1. Please turn the phi angles of the stretch 269-284 into ³J(HN,Hα) values with the Karplus equation 6.51 cos²θ - 1.76 cosθ + 1.60 (θ = phi - 60°), one per residue in order, whole Hz, x for glycine and proline.
2. How big is the Cα convex hull of the stretch 121-209 in projection, averaged over all directions, in nm²?
3. Taking H as built 1.01 Å from N, whose amide H comes closer than 5 Å to the amide H of Asp293, not counting residues under 5 places away?
4. Could you tell me the calculated FRET efficiency between Ala116 and Arg392, based on Cβ-Cβ distance and R0 = 56 angstrom, to the nearest 0.05?
5. For the stretch 259-358, just say rounded, prolate or oblate: build the C-alpha gyration tensor, square-root its eigenvalues into a ≥ b ≥ c, call rounded for a/c under 1.5, and beyond that prolate if a/b exceeds b/c, oblate if not.
6. Could you work out how far apart the two model spin labels at Ala322 and Ser364 are, taking each label as a point 7 Å from the Cα in the direction of the beta carbon, and quote it in nm?
7. Sort 197-209, 415-427, 253-265 by packing, meaning the average of other beta carbons within 10 Å per residue, with the highest value first.
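Just so it is clear, none of the values below were taken in a lab; they were calculated from the coordinates. What you see is a predicted model; the values in this text were computed from it and never measured. A quick note on method: Cβ atoms are made from the backbone with ideal geometry, for glycine too, and the neighbour counts reach across all protein chains shown.
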Amino acid sequence: MRPGVLFGVAAAVAAVPVLALLALLAAGALAPGPGAAALLAVVLAALGLGGRRARDLSLLAGARRRAVQGAPQPVPDAPSPVLPAIDRIATATEHLARALAARAEEVGRLARTGEAVVEALPDPLLVLGEDGRPRRANAAARAAFGNELAALLRHPDLRAAIARAFETGSPQTAALSLPVPVPRELNACVALLERTLPDGGRAIVLLSDRTHERAVERMRADFVANASHELRTPLAGLVGFIDTLRGAAADDPEAQKQFLAIMAEQAARMNRLIDDLLSLSRIELAEHQPPEDHVDLVELARSVIAGFGPVLAQRHAELAFAAEEGLPPVLADADQIAQVVQNLIDNALKYGNGRIELSLAAASGGRFPPRPGVVIGVHDNGPGIPRAHVPRLTERFYRVDAGRSRRAGGTGLGLSIVRHIVNRHRGALVIDGGAAEDPPGQKGTGATFSVWLPAAREMQGSPLVSARGQA
């Protein structure tokens, strides 16, 4: 206890009695001896009472200080105020502090529960500050967009919806189309919060991925359009052959045998076409979801090569395989990457000269992204592909030589399937046409198709690298 406080309280207590005694002494109404004794008694009593009051005020101040600091529990073995009024005030202060602390704990618990609910929402959710900048994102948003959140918030339609929400105070919606890393369709809902959150959050943005639904709609429309276009020729041929077998060739076994062989070939072509269309549609449905499995490309390539054994023997073709040592695994869908390798080898068989080279090598930079990855290379040693055709090779039903493609059993969808699979894997497709165009007549060196896939540790959050072509 500070002396200044003690003397101040004592002076306040003794002021009136001391002044009264001094007035009596000055008027002669009180003898000096008894007056002095009375003054001494008043001063001592004031000091005692002042000490108790100062101590009680100090205890009350301590209780108030602990309440303000959020430590409402009383100090163990601390004395209680002597004066009843101050004791009641101190006790009430302690009770109020405990009630406030309990309420603060409840508010904190509810806030943590709310944050846990937001974090567990299946749809991406962003919290924005008054300035429109992100304060936090839930797990679904981080998983869906990763490092692309800043680019997403710069989308003109989303920025306009956020501005309208802050201006009008009512929820606003926007339809967003994101072209990279893979095409995605999103619906965004922006809503203001009634109160500003502790972290400065003032609005929320709820994102709903509609890519799958839009892809299903496009798949239905594309399937009808493409199937009707590509199936028209073989169906017309089948109808013609059936009419011939019913008519002029009804009694001609040789013609029947010939026509039935052609019909079987046309039916097989239609079957391959439908299989490729359905395969392409399934790949497009999942193109916005990157794969998560670790795949050893060396083992996968050997498995695919083993499956081509009978075909290679039948066509008297040779397939040479080379792989670097110590290649890292890639994050991939093993079935889809096997389909990529199969499609590229099948193309090389159809359009090459009978010798195919399949290679696996680590690559980073140059024609490929500047990150660790593995390149699958297929070289056909054929005449090559003219430069003018290279940019369009991955389009649906695009053929450099339509007649040769149909004779070889091609559907025009193989490289389109490759491109969509590579996009899903956040990879890159590089095509070297290898055709000799200058001087005319010079033999080409053969086409090379290179598929770059990011190494497993580099996959998450990596941007898409567009397909490129070279002649």
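1. 4, 5, 5, 4, 4, 5, 4, 5, 4, 5, 4, 4, 5, 5, 5, 5
2. 5.3
3. For Asp293, the qualifying residues are Ala332.
4. Approximately 0.65, to the nearest 0.05.
5. Here the stretch 259-358 falls in the oblate category.
6. Taking the simple label geometry, Ala322 and Ser364 are separated by 2.2 nm.
7. In decreasing order of mean packing, 197-209, 415-427, 253-265 become 415-427, 197-209, 253-265.
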